[in-house]
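The values are calculated or read from the model by the stated rules, or taken from the named source; none is laboratory data. It should be emphasised that the depicted structure is a prediction, and the values quoted were computed from it without experimental measurement. For neighbour counting, all protein chains shown are included, and Cβ atoms are generated from backbone atoms with ideal geometry for every residue, glycine included. Ligands, DNA and RNA are excluded from the accessible area calculation, which covers all protein heavy atoms including side chains. Shrake-Rupley method; radii C 1.70, N 1.55, O 1.52, S 1.80 Å.
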Amino acid sequence: RKWFRRWMSRSYRYIPLMQPILEAKGLPRDTVYLAMIESGFNTQAKSWASAVGPWQFISATGKLFKLGEDFWIDERRDPIKATGAAADYLALLHSKLGHWYLAWAGYNAGGGRVRRLIDTYGTSNFWELSEKKRKGFARETKHYVPKLIACAIVAKHPEAFGFSASEFEPEAPFEFDEVKIAGAVDLEVLAQASNTTVEVLHNLNPELKRWCTPPTTPEAPYVLRIPKGSRTIFLANVDRIGPDQRLHYK
């Protein structure tokens, strides 16, 4: 219950952001709860297997689905980019396996593993496959789909499971404006320009790994998210910041 309360509090911030991305790519709405069981909607989550972000991509799979990762950024942490990549991956699994339960199981165990079990036992029914003892699903995969379904049911009907609204602390919606930044600029300088804090900028741009934006060029700038409604004042303030004030380091 302790952890579910925390996950539910975060869900107010991320479900309205993620669900439209999933639906636009043809996925069921409840697929968003896969991010709940993977990370509790935590953009900074990291597993023992070095899977990162709300959708828990390992490095190789992230790169396969065009999530950038280098010294400066890790797009596996970005709730928008990672959701798009997860949707593409799940849609691919569904096209190969034929059922969303199997696609979800494939997200956990690997599509090849699920395909082999289907061919071995001659069934594409997830529940039948999860009953197989010999060379069947690992325990974690057997529980993965039921866990996702359970999360969806409890999250949509919390009162039926003994939760009260006062137990949750809904996080603010993930809303922002965007500005283009050329060159590496200290996040503290950018926070001051948009009348906010470095913490707020990090929350809006969780892919950033350093204390500044990446060293980009005017032709290919970095797109920074700033608090919604602050774009006009940001542009006015940033124009007054000289080149020698943009970066501070020792």
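Which net charge results for the neighbourhood of A82, defined as the other residues with beta-carbon distances under 12 angstrom from its beta-carbon, given Lys and Arg at +1 and Asp and Glu at -1? Write down the numbers at each step before the final one.
Values: positive: K66, R76, R77, K81; negative: E38, E69, D74, E75, D78, D88, E207.
With Lys, Arg at +1 and Asp, Glu at -1, the net is -3.
Would you check the accessible area of D239, probe 1.4 Å, heavy atoms only, in square angstrom rounded to 10?
The accessible area comes out at roughly 130 Å².
Just the accessible area per residue of the chain, please: how many Å² with a 1.4 Å probe?
53 Å²
Which GluC sites (Glu not before Pro) in segment 129-222 sit in a loop by DSSP (not H, G, I, E or B) and have at most 16 other Cβ atoms within 10 Å of their own Cβ? Walk me through the numbers on the way to the answer.
Working: sites: E131, E140, E159, E167, E171, E175, E178, E188, E199, E207, E219; in loops: E171, E175, E207, E219.
Passing sites in segment 129-222 are E171, E175, E219.
When the dipole is taken about the Cα centre of the chain, and only Lys, Arg (+1) and Asp, Glu (-1) are charged at their Cβ, what size is it in debye, to the nearest 20? It would help to have the intermediate numbers written out before the result.
Details: 35 positive and 27 negative charges, 228 e Å.
That gives a dipole near 1100 debye.
Tell me which chymotrypsin sites (Phe, Trp or Tyr not before Pro) from segment 43-88 have a DSSP coil assignment and no more than 12 other beta carbons within 10 Å of their own. Walk me through the numbers on the way to the answer.
Numbers: sites: W48, W55, F57, F65, F71, W72; in loops: W48, W55, F65, F71, W72.
Those that pass, being in a loop and sparsely packed, are W48, F71.
Got the relative contact order for the chain handy, in percent, Cα pairs under 8 Å and 6 or more residues apart?
Values: 351 pairs, mean separation 47.7, N = 250.
This gives 19 percent for the chain.
Rounded to whole Å and ordered largest first, report the semi-axes of the equivalent ellipsoid of segment 1-115 derived from its Cα gyration tensor (root of 5λ). Mind dumping the intermediate values first?
Working: eigenvalues 80, 63, 39 Å².
Value: 20, 18, 14 Å, ordered largest first.
For segment 52-179, build the convex hull from the C-alpha positions and give me its volume per residue in Å³. Before the final figure, lay out each step's value.
Details: hull volume 19.7 nm³, N = 128.
Cα-based convex hull of segment 52-179, divided per residue, equals 154 Å³.
Could you list which residues have their amide H under 5 Å from that of F176, counting only those 5 or more apart in sequence or on another chain, with H placed in the peptide plane?
K228
Using only Cα atoms and rounding to the nearest 10 degrees, what angle (0 to 90) does helix 111-121 make with the longest principal axis of the chain?
That works out to roughly 10 degrees.
Please name whichever of A152, V198, P170 sits farthest to the positive end of the charge dipole of segment 143-204, dipole taken about the Cα centre and charges placed at Cβ: Lys and Arg +1, Asp and Glu -1.
Comparing the listed Cα positions along the dipole, A152 ranks first.
Considering only P227, N237, A138, whose Cα is most displaced toward the positive end of the charge dipole of the chain, charges sitting on Cβ of Lys, Arg (+1) and Asp, Glu (-1)?
It is A138.
Apply the Karplus parameterisation 6.51 cos²θ - 1.76 cosθ + 1.60, with θ equal to phi minus 60°, to every residue of segment 70-76 and state each ³J(HN,Hα) to the nearest whole Hz, in sequence, with x for glycine and proline.
With coefficients 6.51, -1.76 and 1.60, one gets 8, 4, 9, 9, 9, 5, 5 Hz.
Within the set of other residues whose C-beta is less than 14 Å from the C-beta of D239, count the net charge using Lys and Arg as +1 and Asp and Glu as -1. Working shown, then result.
On the way: positive: K180, R231, R240, R246; negative: none.
Result for the neighbourhood of D239: +4.
No solvent, one uniform scatterer per C-alpha: report log10 I(q)/I(0) for the chain via the Debye equation at q = 0.08, 0.13, 0.14 1/Å, two decimals.
These q points yield log10 I(q)/I(0) values of -0.38, -0.88, -0.98.
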